[in-house]
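Have a look at the structure below, then the notes.
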Amino acid sequence: MSFANPSRSDIVATTIENRSKKVADNVKKSTAALAKMNERGNVKPFSGGNVILQELSFAENGNAGWYSGYDLLPTAAQDVISAAEFGIKQLACPVVMSGLEDLQNSGPEAFIDLMEARIGVAEATMTNRLGAGVYADGTGSGGKELTGFNASIPLDPTTGVYGGIDAASFTFWRSTITDVLTFTAVTAPGPVQATLNSAWAGVTIGTDRPDLIIMDSQMWNNYIRELQTLQRFTEPKMASFGFPSLKFMDADVVLDGGIGGFCPAKTAFMINTKYTFLRPHLKRNMVPLNPNKRYNTNQDAEVQILAWAGNATCSGRRYQARIKDTR
């Protein structure tokens, strides 16, 4: 089998390769959570291994204590660092060009325009899949999807294994959940605001506090309604990323609803992005799966695959909160 125009048959691979960094950058800007993680430097590639290890601290150092003068200081070994384990998830989008399409777009400009359009669709598709994966629980597509916020900040934080650690056995590995229903009797500033206040207090330790709150359309509308008579503060930095936001305490409050929103209905996630990460593989971060020419053995067509591998991880579930509205 021969390709219709062998002199141009590698254009799919080279075009994807030339744009791979741009695609990876667009993914990091695709959701407020990923943009915030990227700003913190928490989009951290890994280089290998059969799992992704996310180091975490689960206890204080027991050697710490007050002393006076020549008191002996304890030097016992302290096991205070562990790691959560996450599987490597893979995502791909094939881009195909048939020999007939090559002939029909024989002028170089026409061909490039066609490839730009197809690769643009592939980029958008991959970005949307990862954007949705940020909220996934890891069970979608037969367990092949990302372990996103529905896994790290679940509806029931007291049970289930996340990152290889059982939340039923280890209380430090539990996020919190608060229901607006609990605060419906609050008239001022309102039940959503009161729920945010309660959730905030539950995950704040000194200066360690949430920096991002993501809401779906319903939660956002209810929150805005309560703020109508109050002064609102916007955050110009998040707006520069394309996410107009309000402020709660000093955290950005961002809408991820409306057309194409991925946040679950009647839900808000209160996130401390210091402990949340996107971990792409160094060799599989929106790149051609194989830079060489790929042909279907029984068709006049060339195929190239845009690919990503990695996972979303968390090293501090107890600093994360979920707010639901079951009214």
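Annotation for region 177-199: no member residue is at pLDDT below 95, within 20 Å of ILE271 (Cβ to Cβ), touching a helix residue (DSSP H, G or I) at 6+ places or on another chain (Cβ under 8 Å) and surrounded by fewer than 15 Cβ atoms within 10 Å (Cβ to Cβ).
Residue-by-condition table, conditions (1) modelled with pLDDT under 85; (2) among the aliphatic types (A, V, I, L, M); (3) surrounded by fewer than 14 Cβ atoms within 10 Å (Cβ to Cβ):
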site	(1), (2), (3)
GLN218	no, no, no
ILE224	no, yes, no
THR229	yes, no, yes
LYS237	yes, no, yes
ALA251	no, yes, no
GLY257	yes, no, no
ARG279	no, no, no
LEU282	no, yes, yes
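Selection within region 186-200: residues that are assigned to a loop (DSSP other than H, G, I, E, B) and free of Cβ contacts under 8 Å to residues at least 40 places away in the same chain. The member of this set that is nearest to the chain's Cα centre (by Cα) is GLY190. Within region 35-52, being part of a loop (DSSP other than H, G, I, E, B) and not hydroxyl-bearing (Ser, Thr, Tyr) holds for GLY41, ASN42, LYS44, PRO45, GLY48, GLY49, ASN50, VAL51. Those residues that are assigned to a helix (DSSP H, G or I) and either among the polar types (S, T, N, Q) or closer than 10 Å to THR267 by Cα (or both), I need them from region 203-221; list them, please. SER217, GLN218, MET219, TRP220, ASN221, listed by residue number.
For the condition modelled with pLDDT under 95, of a type in the set (A, V, I, L, M, F, W, C) and closer than 27 Å to LYS247 by Cβ, what is the one hit in ALA167, ALA132, ALA110, ALA122? Steps first, please.
Values: ALA167 fails: closer than 27 Å to LYS247 by Cβ; ALA110 fails: closer than 27 Å to LYS247 by Cβ; ALA122 fails: closer than 27 Å to LYS247 by Cβ.
Only one candidate qualifies: ALA132.
Filtering region 160-177 to residues that are in contact with a strand residue (DSSP E or B) (Cβ under 8 Å, 6 or more places away or on another chain) and without any contact (Cβ under 8 Å) to a residue 24 or more places away in the chain leaves only GLY160. Examine region 162-176 for a residue that is within 25 Å of ARG327 (Cβ to Cβ) and surrounded by fewer than 18 Cβ atoms within 10 Å (Cβ to Cβ), and state whether such a residue exists. No: zero hits.
The values are calculated or read from the model by the stated rules, or taken from the named source; none is laboratory data. Small disclaimer: the values here were computed from a predicted structure and weren't measured. Ideal geometry is used to build each Cβ from the backbone, glycine not excepted, and the neighbour counts take in all protein chains shown.
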